[in-house]
Every structure is written in structure tokens, then in C-alpha cells.
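First up is the structure itself, then whatever we jot down about it.
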Amino acid sequence: MNGGELGAVVAFRLGPLAITDTVVTTWGIMLVFVVLVALLSRRLTEEPARWQIAMEGVVATIEAAIAEVLPQEPRRVLPFIATLWLFVLAANLIGLVPGLQAPTGDLSTTAALATLVFFSTHWFGIRANGLRSYLRHYIEPSVILLPFHIISELTRTLALAIRLFGNMMSLEMAALLVLLIAGVLVPVPLLMLHVVEALVQAYIFGMLALIYVAGGLEVPESGAAAAGVSSSKETP
């Protein structure tokens with residue numbers, strides 16, 4: 001196998017396209033989620049079994065967390081945020097499986113996730129407020145602020161990608177160094193540390209994504225006020 005970009009290993013090739021182990025692992029996680037959802041959704045009943053109660057508890061917990069940030073309409077973003085949270089958590093924890101590496105330890109994966117959050121933020125914002133109203137807040141209170149708004153959007157997306165990548169990569173490197181020095185004397189504490197860190201990083205990434213999406217959904221006060229004044233003038 002040949003080395004790919006950012007230390008990834010090329011698993012196989014589709015013509016000129018190199019498929020790395022990170023991509024294969026990511027596809028595997030996605031396939032597992034699709035199969036689980038397909039199987040579990042067919043067995044839902046009005047008198048839920050224990051597994052259904054557990055799944056409903058997970059969804060209810062995520063919805064409650066979203067409602068803390070976006071109390072008006074948490075279910076609007078629930079599918080996206082819940083999927084993002086669960087995927088990042090699974091991608092963080094997959095590194096515990098022998099022979100597999102966490103996809104979130106690869107900058108290409110975290111960059112793709114951050115880019116998805118970037119476009120989703122604007123998509124939700126435009127759907128909620130309309131294109132003109134949403135774009136207006138980038139030039140308010142002055143058009144001079146437009147470059148600063150654009151830089152802010154780009155830098156927070158870059159920070160979102162690098163934060164998750166850096167934390168997961170450093171966690172795996174630290175675990176490897178400790179194992180090399182201490183051998184197999186400390187596997188349990190390392191496993192617990194990995195699980196806790198995976199949970200924390202998934203929560204932080206999902207919460208930041210939720211905050212960005214919630215910001216896009218909010219109608220700027222000045223834009224709303226202007227729309228209100230305009231409508232009042234047109235009313236006879």
C-alpha cells in the first residue's frame with residue numbers, strides 16, 4: 001500500500017482515484033448507520049421494547065440539548081445535528097477497534113465535516129429568512145463590515161476542522177506513546193480516556209455546529225425592523 005496525503009494509507013484505487021483507509025472506514029460507519037436505521041425503523045411499536053426506549057431516549061436527549069440553544073423550533077435542525085453528533089462520536093470511537101484509525105484523526109475528514117456545517121448554516125438561514133433578508137445582515141450596520149463577516153465565516157470553519165482533528169490526533173499519539181513506554185500495563189485507563197475524550201469532542205463539535213446554525217436561523221433585528229417599516233408604509 002502507498003502512503004496518501006496527511007499520512008493516510010491508500011486502501012485501493014478506482015482508476016486514477018485513490019481511496020484511503022480513512023474513506024473506507026467512513027463508508028463503513030455510514031453503512032452501519034443506514035442498516036441500523038433501516039432495521040430499527042421497521043420494528044417500531046406503540047408498546048416499545050427496551051431497545052426502542054433506549055433509542056427514543058437518545059433522540060429525546062439530543063432534542064433537549066438542541067432546545068437549550070434553539071428553543072423556538074428544535075425539530076427543524078434535529079435530523080442534521082443528531083446525525084452529525086452520532087457520526088462524529090462513532091468516528092471518534094472507531095479508533096478503539098484494533099487495526100482501525102479514527103477518521104476524525106485525518107484533517108480531510110474534519111475539513112469535510114466543517115464544510116458541511118458551513119453550507120448547512122447558510123442553507124437553514126436562507127430557508128428561514130429568505131435570501132435577501134439573510135444576506136442583508138452581512139452589510140449591516142455598514143457595508144464596510146462585509147469583508148470582516150466573510151473572514152469570520154471562513155476562520156470559524158477552519159477552526160472547527162482543525163480543533164477536532166488536532167484533539168483526536170493528539171489523543172491517539174499520546175495513547176501510542178504511553179503504550180510504547182508502559183507496555184500493556186495501562187490499557188484500561190487509556191481506553192477510558194479515549195472514550196471520554198471522544199464523547200467530549202463529539203459534543204463540542206456538535207454544539208458549535210448547532211450554535212452556528214442557530215445564528216443563521218435568527219432574523220437580524222435591523223432587517224426585521226426594516227421589513228416591518230416597509231410593510232407599514234405600504235398598508236393603506
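The values are calculated or read from the model by the stated rules, or taken from the named source; none is laboratory data. Note that the structure is predicted; figures quoted are calculated from it, not measured. Note: ideal-geometry Cβ built from the backbone for every residue, glycine included; neighbour counts use all protein chains shown. Note: accessible area is taken over every heavy atom of the protein model, side chains too, but ligands, DNA and RNA are not part of it. Shrake-Rupley method; radii C 1.70, N 1.55, O 1.52, S 1.80 Å.
Computed over the alpha carbons of segment 113-163, Rg followed by Dmax gives 11.9, 32 Å. Backbone amide hydrogens, once placed in the peptide plane, bring Ile19 within less than 5 Å of Ala11, Phe12, Arg13, Leu14, excluding anything fewer than 5 places away on its chain. Using θ = phi - 60° in the Karplus curve 6.51 cos²θ - 1.76 cosθ + 1.60, the 3J(HN,Hα) couplings for segment 26-41 round to 5, 4, x, 4, 4, 5, 4, 5, 4, 5, 4, 5, 4, 6, 5, 5 Hz; x is entered for Gly and Pro.
Residues in segment 24-177 average 61 Å² of solvent-accessible surface per residue, probe 1.4 Å, ligands and nucleic acids excluded.
Note on Ile126 and Leu158: with the Förster distance fixed at 22 Å, the Cβ-Cβ geometry gives a FRET efficiency of about 0.50.
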